[in-house]
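I have placed the structure first, in the form of structure tokens, so that the comments after it can refer back to it.
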Amino acid sequence: MRKKLRDLRAALEKGARAPAHYTVKQAVEAWLEQGLKGKAESSRSTYRSLATTHIYPHLGAAKLRDLDADQLDAWLDDRKDVLATTSLQLVFSVLSRSITHAQRRGKVPQNIATLVEVPEGKAGRPSKSLSVEQGMAVLKAGEGTWIHAYVVLALLVGIRTEETRPLTWDRVHTDPADGSEAYIDVWRSVRRHGETKTQKSRRSLAMPRRAAEVLRVHRASQQAACREAGREWAPGGLVFPNVSAELRTALDVRRNLRALLKEAGFADPAAWTTRELRTSFVSLLSDHGLRIEDIARLVGHSGTQTTERVYRKQIRPVITKGAEAMDEIFDPQRGAEPSSS
């Protein structure tokens, strides 16, 4: 009993010392500035955007010391109709971690966020997959442009957008010296320190003939542009750089993808995202007959559960190789040709 009284007295003293006018917005801003050391700028940008959109307008002016569970419950009930469950949890995490950061610095006696539960948000937008006919249209659109080459690689090889954007030419082997089939090394991503999402995401993947041909043309075009600009083409340079020869943002890729989809005749290009090229890769291979185990290896999953739950739309129990299957899907006459071996 005495210990409880001492703890209560200590909490009251801390509350009395906590600044009366310190706001939720100030707490979040302090955490964004001081509590994310070592985090990638992309993470900081995401947290900042979530705070600006979903925390500041509703709770930003509230005095942190006076914030109570009822206020947080009301805020969460309002946001659950706007955000999907994962996004709602992430926004709440930003707030809770900000309050913890303030608590450690004597700005508030306790983290009131620990007393509430995050409800279910609205249902997320289900991912989609291109049909073979849509895929054919996409592969013909924008020929000769960088986004056409990007889409061909993403759709026919299935690598993540975070793996495609930092891809460099020294990892693209369209004509291996030993005469083997064309392939790419998926060894880097835009994640912190350039690591791939998982250990199994670090992989080398054969390219369908169509992808290899498009990348040869894209490389030649890039080399010609460098010569015209008086620059030396770098074999270790980015395959899909922006106009400043730097890494393209995901937003820039998505914007260009939707322009290509419009050219391909899609009625609502804005309804599609870049990651759905990868979803389509999985679904098309599954519909064509690849086993789920083989597809999981191709996309770099550690097991089949994620592949089956998130990506695959159809199930057919036949085995074949990914690059050969894509040749058969999008170039059936050439795909049927016997190999030289």
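Odds and ends about this structure:
- Taking a straight Cα-Cα cut-off under 20 Å and skipping sequence neighbours fewer than 8 places away in the same chain, the aspartates and glutamates within cross-link reach of Lys262 are Glu133, Glu143, Asp252, Glu276.
- For the range 2-115, the number of Lys pairs separated by eight or more positions or lying on different chains, with C-alpha atoms closer than 14 Å, is 4.
- Extension gain, Asp66 to Val132: 0.36 nm times the residue separation minus the Cα-Cα distance gives 18.0 nm.
- Ordering His58, His218 by the number of other Cβ atoms within 10 Å of each residue's own Cβ, fewest first, gives His58, His218.
- Footprinting exposure proxy for Phe266, Phe281 (fewest neighbouring C-beta atoms within 10 Å first): Phe266, Phe281
- FRET efficiency, Ala271 to Thr145 (Cβ-Cβ, R0 22 Å, nearest 0.05): 0.55
- Within the range 71-106, backbone nitrogen closer than 17 Å to the virtual label 7 Å beyond the Cα of Thr46 toward Cβ: 83-98
Laboratory data are not the source of any read-out in this text; all were calculated from the coordinates shown. Owing to the predicted nature of the structure, the values given are computational and were not obtained by experimental measurement. Every residue, glycine as well, gets a Cβ built from its backbone with ideal geometry; the counts of neighbours run over all protein chains shown.
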